[in-house]
Amino acid sequence: MSNIDSKQDLEVLLAKINGQLPANGSKLYDKQPNSTPISKMEQAGKKFIPRCPQTLEQAKLSDEEVLSLVLKYLLYSTSSRCSAICAQVKLPRSIIDPLLSQWKTEQLITIQKAGLLDDYMYTLTDNGANLAKRRLEINTYFGSAPVELEDYINSVAIQSVIKVKPTPASVKAAFHDMSIGSELLGQVGRAVYAGSGMFLYGNPGNGKTSIAERLTRVFGDQIWIPRTLKIHDEVIRLYDASIHVANNCNQSVSLDDKNTIDNRWVCIDRPMVAVGGELTMD
């Protein structure tokens, strides 16, 4: 597992995330954000929907990356059915089934017992267990398969608040549970419509935090984020259940789409982060 090699590489990566990278200015990527379509992702109206990949190529993963996740999971669980393995790494059977057959031929795993609908119980062979232990020494992670950083950057651009132009009605609805004057509501609405930063000030207890908490409602209730990201050979957890509030975005997806959601992504309430600190005019 490689690390970002230098401070310069880190600065390039941050510029990539912030959309500030000039043409041909990256040593990490040859293409600019949004320069190519996101594999198996669609935008239904104003809705961003991460589509389920059906092949490793569509998932932008290698068989070795999936092998590491599955071997470490089987080492931890001792044995597991194919359906449970799919649920663990968040990939469909169309990807996992052929790989399990391949690894069985390579004598890394073996079938412990059969199950309904070919949902076999798999366990590690001695060779597979030894390989899993070596992979654990490199990286202990064995959860959801990661999403490419570039796909995440493109998803952020699609779901950005800059793309959302709220109406007076949506601003009023966001503050329906708070008593706020029409003049202040209009000022907040104009600031929100601009899609840039705003500065709330006033005496303690006058509602600054309450206003800030409701601003995210204006831009839509939910967004999609990857559970984990892949940057070079590093896997970074993005979804944090202690910070993000998972939501069932499938309720807003058509029936035909419900079975095509990429489970490597999770739908969350649009987050609002509050930090402590007080400023004075000085």
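Would you calculate the separation in nanometres between label points at Lys208 and Ala84, each defined as 7 Å from the Cα along the Cα-to-beta-carbon direction?
5.2 nm
Pulled fully out, how much extra length does the chain show between Glu106 and Ser242, if you take 0.36 nm times their separation in residues and subtract their Cα-Cα distance?
Full-extension gain reported as 45.0 nm.
For the range 100-162, what is one quarter of the convex hull surface built on the Cα atoms, given in nm²? Walk me through the intermediate numbers first.
Numbers: hull surface 29.1 nm².
If I average the Cα hull's projected area over directions, I get 7.3 nm².
For the range 95-202, what relative contact order do you get, as a whole percent, if you take Cα pairs closer than 8 Å and at least 6 residues apart? Walk me through the numbers before you get to the answer.
Numbers: 51 pairs, mean separation 15.6, N = 108.
So the answer I get is 14 percent.
Once you charge only the Cβ atoms, +1 for Lys and Arg and -1 for Asp and Glu, what is the size of the charge dipole of the range 50-132 about its Cα centre, to the nearest 20 debye?
Details: 8 positive and 9 negative charges, 61 e Å.
The calculation lands at about 300 debye.
Using r as the Cβ-Cβ distance of Glu234 and Ser94, and R0 as 35 Å, what FRET efficiency do you calculate, to the nearest 0.05?
Given R0 = 35 Å and the Cβ-Cβ separation, E is 0.85.
Which three semi-axes in whole Å describe the equivalent ellipsoid of the range 151-208, each the square root of 5 times a Cα gyration tensor eigenvalue, listed largest first? All intermediate terms of the calculation are to be shown ahead of the outcome.
On the way: eigenvalues 130, 40, 22 Å².
After diagonalising the Cα gyration tensor, the semi-axes are 26, 14, 10 Å.
Under 16 Å from a label point 7 Å along Cα→Cβ of Asn263: give me every residue in the range 131-160 with its amide N that close.
The answer is 142-147, whose backbone nitrogens lie closer than 16 Å to the label point.
Over the range 98-215, how many percent of alpha carbon pairs lie in each 5 Å bin up to the one with the longest distance?
For the range 98-215, the pair-distance distribution reads 2, 8, 12, 12, 9, 6, 6, 6, 5, 6, 9, 10, 7, 2, 0.
Readers should treat all values here as calculations from the given coordinates under stated rules, not as data from a laboratory. Note that the coordinates shown come from a computational prediction; the quantities given were computed from them, not determined experimentally. Cβ sites come from the backbone with ideal geometry, for glycine too, and all protein chains shown count toward neighbours.
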